[in-house]
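Please see the structure below; I have some questions.
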Ligand SMILES: C[S@@+](CC[C@H](N)C(=O)[O-])C[C@H]1O[C@@H](n2cnc3c(N)ncnc32)[C@H](O)[C@@H]1O
């Protein structure tokens, strides 16, 4: 969501004032927390991220009424059920997203679907979907195509490691200011006011019917969905992983992409240095080759 930096700053001020006596994070604690998020989600936190991590973990200290990061480290070390590991992961991930983020990709997707009609259902995967804006934007785009092409049908799988964000996806309610990112026509067709809350809008139920939200950890490489997707969106998450992890993640996803299918990464990301068997077809859009066909077919 747009206001993430601002709200982090405000909440940081609130968290730190609530926890006035807590000590700052030591190097040893930072090493422990950064190793833990790396082992659990593949996310690499460099040393300069220490104050960001402190800011995010103050929330857990507050919730558990702890007064130091050392105490929180011990809670995690004794967390046999894994419940606190989930809360820790939810707190540490970066979830910035928005509706129709990097618009170019939505136009490209639309043109590709229209120009390559397929008789069977179209399957799209929004991997690392955060709070759902990407998946709902894809669903709006697909609903519009369905209106023009009666035979077109689609399903979207939307996954993330962060369970708190997945709860937001299921709710489908967002602050009014985020509505401005949605094209005007789609605002009218696919969004409505939330009863009794003037500050929020919600997405139409018919969008939710074609989307399945599920928790999925990208570094659990062997986990498969038993579907060959036609389009995979893995945008704005690769830069949190070291290159070798990113390459394994992409390979695992490409194995679930139909030959001829498209793979989207963020506009500032690239797969050019990775050996993942994809060919570039547009800015940060790649295609899985079909055996025996050339790149421009
Ligand atoms: C910056 S958001 C990107 C959201 C959306 N794809 C976009 O481009 O707007 C990155 C997301 O990746 C998720 N993420 C980070 N590590 C992950 C992992 N190991 N498995 C699945 N999701 C992960 C985070 O929880 C976060 O929601």
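The values are calculated or read from the model by the stated rules, or taken from the named source; none is laboratory data. All values reported here derive from a predicted model rather than from experimental measurement. So basically every Cβ, Gly included, is an ideal-geometry build from the backbone, and we count neighbours across all protein chains shown.
Those residues that are away from the ligand (no atom under 12 Å from the Cβ) and either surrounded by 13 or more Cβ atoms within 10 Å (Cβ to Cβ) or in a helix (DSSP H, G or I) (or both), I need them from the stretch 108-126; list them, please.
Quick first cut of the stretch 108-126, residues away from the ligand (no atom under 12 Å from the Cβ) only: 108-124.
Across the stretch 108-126, the qualifying residues are 108, 109, 110, 111, 112, 113, 114, 115, 118, 122, 123, 124.
Would you check which residues across the stretch 86-105 are without any contact (Cβ under 8 Å) to a residue 12 or more places away in the chain and on the phi > 0 side of the Ramachandran plot and list them?
The initial filter retains those residues of the stretch 86-105 that are without any contact (Cβ under 8 Å) to a residue 12 or more places away in the chain, namely 103.
Within the stretch 86-105, no residue meets the criteria.
This table checks each residue for (1) farther than 21 Å from residue 162 by Cα; (2) assigned by TED's automatic domain parsing to the domain that holds residue 164; (3) touching a helix residue (DSSP H, G or I) at 6+ places or on another chain (Cβ under 6 Å); (4) modelled with pLDDT of 95 or more.
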residue: 28; (1), (2), (3), (4): yes, no, no, yes
residue: 32; (1), (2), (3), (4): no, no, yes, yes
residue: 65; (1), (2), (3), (4): yes, no, no, yes
residue: 109; (1), (2), (3), (4): yes, yes, no, yes
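How many residues, within the stretch 91-107, are more than 8 Å from the ligand (Cβ to nearest atom) and touching a helix residue (DSSP H, G or I) at 6+ places or on another chain (Cβ under 8 Å)? Before the answer, list the steps.
The initial filter retains those residues of the stretch 91-107 that are more than 8 Å from the ligand (Cβ to nearest atom), namely 91-92, 99-100, 103-107.
So of that shortlist, the ones also touching a helix residue (DSSP H, G or I) at 6+ places or on another chain (Cβ under 8 Å) come out as 91-92, 99-100, 106.
Selection size over the stretch 91-107: 5.
Each row is one residue, and each column tells you yes or no for (1) over 17 Å from the mean Cα position of the chain (by Cα); (2) closer than 17 Å to residue 210 by Cα.
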| site | (1), (2) |
| --- | --- |
| 126 | no, yes |
| 146 | yes, yes |
| 156 | no, yes |
| 171 | no, yes |
| 175 | yes, no |
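Of all helices (runs of 4 or more DSSP H) completely enclosed by the stretch 127-222, which ones contain at least 3 residues that are over 21 Å from residue 257 (Cα atoms), away from the ligand (no atom under 16 Å from the Cβ) and at pLDDT 95 or above?
Values: elements: 133-148, 163-171, 184-190, 205-208.
By residue number, 133-148, 184-190, 205-208.
When only residues in the stretch 223-267 that are on the phi > 0 side of the Ramachandran plot and more than 14 Å from the ligand (Cβ to nearest atom) count, which is nearest to the chain's Cα centre (by Cα)? Before the answer, list the steps.
If we filter the stretch 223-267 for residues that are on the phi > 0 side of the Ramachandran plot, which is where we start, we get 226, 236, 260.
Then drop every residue that is not more than 14 Å from the ligand (Cβ to nearest atom), which leaves 226, 260.
Working: 226: 21, 260: 24 Å.
Among residues in the stretch 223-267 that are on the phi > 0 side of the Ramachandran plot and more than 14 Å from the ligand (Cβ to nearest atom), the one nearest to the chain's Cα centre (by Cα) is 226.
Next up: Pick from 225, 229: which is surrounded by 13 or more Cβ atoms within 10 Å (Cβ to Cβ), within 23 Å of residue 97 (Cα to Cα) and touching a residue at least 12 places away in the same chain (Cβ under 8 Å)? Outline the logic, then answer.
Details: 225 fails: within 23 Å of residue 97 (Cα to Cα).
Going through 225, 229 in turn, just one is surrounded by 13 or more Cβ atoms within 10 Å (Cβ to Cβ), within 23 Å of residue 97 (Cα to Cα) and touching a residue at least 12 places away in the same chain (Cβ under 8 Å): 229.
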